[in-house]
Amino acid sequence: MASTLFGVQGVVVVEVDVEADGGVTVWLATDPGVVPVCPDCGVASTRVHEYVLTRPRPLPRPAAAAAAGVERVAVVWAKRRWRCGNPDCARATFTESVPQIPPVPGWSSGCGTMPHS
C-alpha cells in the first residue's frame, strides 16, 4: 500500500492515525519480503538487534490526502536494526533501507519494541 500512496517499493503501511490537529500520521514497516543484507559485506542477517523509529525525508503528499484537504502528512517508519551475521565484518549493526528511502545517520531512535503491532 505504501507503493500506492507514495510510490515507494519495499515498505507497507501498517497504520494511519488522524491527529487532533487534522493532520495524518502514516506508520510504515519494511515489507516482510525484503531480505536484510549488510550494506558492507553483503551477508544476509537473521538476528534483530532492536527496533527503531525514523522519520524519512519528505515524501510526496499522497493525492488522496490533498483531495481530502489534509495539509500535514507525517511519515514514521518503524524498522529493524539488524546484527550483521558476518563475524569478520566491521559493521556490527545496520538498519533496513529501500532505494527510495536511504538511511540517514542520526534520524532514528531506538524504541526496543515495535509500535502499533
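The values are calculated or read from the model by the stated rules, or taken from the named source; none is laboratory data. Please read all numbers here as calculations on a predicted model, not as lab measurements. Heads up, the Cβs are rebuilt from the backbone with ideal geometry, glycines too, and the neighbour counts pull from every protein chain shown.
Details
- Scanning the range 39-56 for residues that are more than 18 Å from Ile101 (Cβ to Cβ) and part of a loop (DSSP other than H, G, I, E, B) yields Asp40, Cys41, Gly42, Val43, Ser45, Thr46.
- For the range 82-117, a residue qualifies if it is surrounded by 13 or more Cβ atoms within 10 Å (Cβ to Cβ), in a strand (DSSP E or B) and at pLDDT below 90, and the qualifying residues are Val98, Ile101, Ser108.
- Answer residue from the range 8-30, given it is in contact (Cβ under 8 Å) with a residue 60 or more places away in the chain and either outside any strand (DSSP E or B) or of a type in the set (Phe, Trp, Tyr) (or both) and is nearest to Glu96 (Cα to Cα) among those: Gly10
- Residue in the range 58-74 that is part of a strand (DSSP E or B), at pLDDT 90 or above and either within 21 Å of Pro99 (Cβ to Cβ) or touching a Ser or Thr at 6+ places or on another chain (Cβ under 7 Å) (or both) present: no
- Residue pairs whose Cβ atoms lie under 7 Å apart, separated by 6 or more positions or on different chains, with the first residue in the range 73-91 and without any contact (Cβ under 8 Å) to a residue 40 or more places away in the chain and the second among the charged types (D, E, K, R) and surrounded by fewer than 15 Cβ atoms within 10 Å (Cβ to Cβ), are Arg83/Arg47.
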